[in-house]
Every structure is written in C-alpha cells, then in structure tokens.
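Every number here is computed from the coordinates shown, using simple stated rules; none is lab data. Remember, predicted model here, so these are calculated numbers, not experimental data.
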Amino acid sequence: MNIETNEETLRITGVTELSAASARALKEQVAARFIKEMRHIDFDASSLQFLDSSGLGALISMLKMTTLHGGNFRLLAPTPPVIQILELTRLHRVFEIVPQ
C-alpha cells in the first residue's frame, strides 16, 4: 500500500485486499495522514481483488472523513469483484466511482 499527498488530496494505491485483517490498519494510516489541509481522498481500487464487510467499513469511514471536511471520496478504476460487492450492497449509489 502506498499513500501519497498532493495539496488537498490523499491518494491511496497498491491495496490488493481490504478485509478484517487489513481494514483497521488502513483506517489508522489514512487518519494519521489526513490532516486539516486535506479535503479529498482518491482510492485507487484497480489492484483490489478482495473486499469484505470490514473493508467496506473502511471505505465508508474514509467517505465520512472527506465529507466532514467538505471534500470528496472517489473510488478509481474498481475491479469487477469490487464492483459486484458495491452493487450487492447498493454502495455504488453512495460512492463516486471513476472507471478506468
């Protein structure tokens, strides 16, 4: 996993699995890097192959974080398994999804 900052945006890349085993660590790392000047989070989901309910919770947590700062949370290029989970949970209506 790689977390980069660019002015008002935090960009997360290289996450292949977002599950109960990794979701808490991701939320903690993002919270530590998401400082006052930050408003947006871009989560590159192009490598994400597995997503469970804890992973969905982490994504929702990041969405809330950006909303509280008047910003946006975007899922970039989600993989078919991730899109399937988002559609099953109807979260595709909640998240801003940017296709490839």
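Principal axis extents of the C-alpha atoms in the chain (largest first, rounded to whole Å): 34, 26, 22. Taking every C-alpha pair closer than 8 Å and separated by at least 6 residues, the mean separation divided by the residue count of the chain gives a relative contact order of 27 percent.
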